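Please treat every number below as a calculation from the coordinates, not as lab data. Quantities reported herein were computed from a predicted structural model and do not represent experimental measurements. As a convention, Cβ positions derive from the backbone with ideal geometry for all residues, glycine included, and neighbour counts pool all protein chains shown.
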Amino acid sequence: MDTVGYIGVGKMGGPVAAHIQAAGFPMVVHDLSAGARAPFVARGAKTANSPAEVARLSDVVFTALPTPGDVEKAALGPDGIIEGIKPDGIYVDISTGGPDLIRRIAAEFRRKDAWAVDAPVSIGLTGSAPGIHEIMVGAERAIFERLLPILKAYGDQIIHAGGVGSGSICKLVHQMIGCGVTQAIAEGLTLGVKAGVDVKTVWDSVRRGLVGRMHMMHEEIPAAVFPGVYEPTVFTLTLLRKDLGLATALGRQHNVPLPVSNLVEQIVIEGINRGWGNGSGYVVTYQRQEEAAGVSLRASGVDPEKSAKYISTHADL
């Protein structure tokens, strides 16, 4: 059984790493926070003082880090993974850093007879256990097959997207479409309420029709928007802005017009400038739409504690 190294076991990477460890894979962890490392060490994981040391002690190394700069430093910087990676070892980044970065990293790793792949995640099927995710993998088929036993430890929907970088492209498209639909729903709910219909009735008319079948937000709207509970959160507005920025930049790179996505990106930036960037979940943009429309989407009979629990355990990555 492969030894798995994991760099970044906080809010983003911790749930995924915990599933891998629970599946029985020997684990080496590295995180700047002793508190984040502690549960893994208590369950038998080793600790390492640098990404390079993680790589020396592991067969497969994962990173789950907030920004592309963090990923690049962990992979290629001083004491980075590349300095310790074994021949034929595999480095897997589950962050969303864009296709160009992971392709550049992969080229450097091939010079050391090792592999670097992208495998970003998003929440899986509604109702699945917390921590079970869709995984979009950009890798050669043989490397994808080697990784499958580990991926199955935490993924219920595993997609081989194509070569290196393909997983990142799929994740950016996923985020871009989701944000556009979210804004459209926010506008529709505020219009319905301001025109005189109860918010739950408006939402039922949406979710029971074609739009509801297309967009998996049946739990998120009543759990977060109706009570106005947007924190605590795992996936912040700042992280969403990063993903949207990468997506719109990819559109410019390939001369693809993205008018809706560029507008939504500006709405997200506005939310960040209002102080919602790191404390609130990404659905806080509904609050901005409520204020713009001059209506409230609060609904009666909603349990705030249940809503907060839902948000803290079902946030996207």
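Table for the structure above
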read-out: Charge context of HIS30, other residues only, Cβ under 12 angstrom, K/R +1, D/E -1; value: 0
read-out: Principal-axis tilt of helix 304-313 within the chain, Cα atoms, nearest 10 degrees; value: 30 degrees
read-out: Within the range 48-148, trypsin sites (Lys or Arg not before Pro) in DSSP loop having at most 11 other beta-carbon neighbours inside 10 Å; value: ARG111
read-out: 222 nm mean residue ellipticity, helices alone, for the chain (DSSP H n ≥ 4; -39,500 (n - 2.57); rounded to 500); value: -14500 deg cm²/dmol
read-out: Proxy reagent accessibility, fewest Cβ within 10 Å first, across ASP243, ASP79; value: ASP79, ASP243
read-out: Pairwise centroid distance, computed over Cα atoms, of the range 167-204 with the range 233-287, Å; value: 14 Å
read-out: Kirkwood-type radius of the chain, with distances r between different C-alpha atoms, in Å; value: 20.4 Å
read-out: For MET27, distant residues with modelled amide H under 5 Å away; value: VAL4, LYS46
read-out: Antiparallel DSSP beta bridges within the chain, as percent of all bridges there, nearest 5; value: 15 percent
read-out: Histogram of C-alpha separations across the range 4-164, 10 Å bin width, %; value: 12, 45, 37, 6, 0
read-out: Dipole magnitude of the chain about its Cα centre (Cβ charges: Lys, Arg +1; Asp, Glu -1), debye to nearest 20; value: 100 debye
read-out: HN-Hα J in Hz across the range 102-118 - Karplus 6.51, -1.76, 1.60, θ = phi - 60°, x for Gly and Pro; value: 5, 5, 5, 4, 4, 5, 5, 5, 5, 5, 10, 6, 10, 10, 10, 9, 10
read-out: In sequence order, calculated HN-Hα J values of the range 3-18 (Karplus, 6.51, -1.76, 1.60; Hz; x Gly/Pro); value: 7, 9, x, 10, 10, x, 10, x, 4, 6, x, x, x, 5, 4, 5
read-out: Whichever lysines have a C-alpha closer than 24 Å to that of LYS242, once near sequence neighbours (fewer than 8 apart) are set aside; value: LYS11, LYS73, LYS171
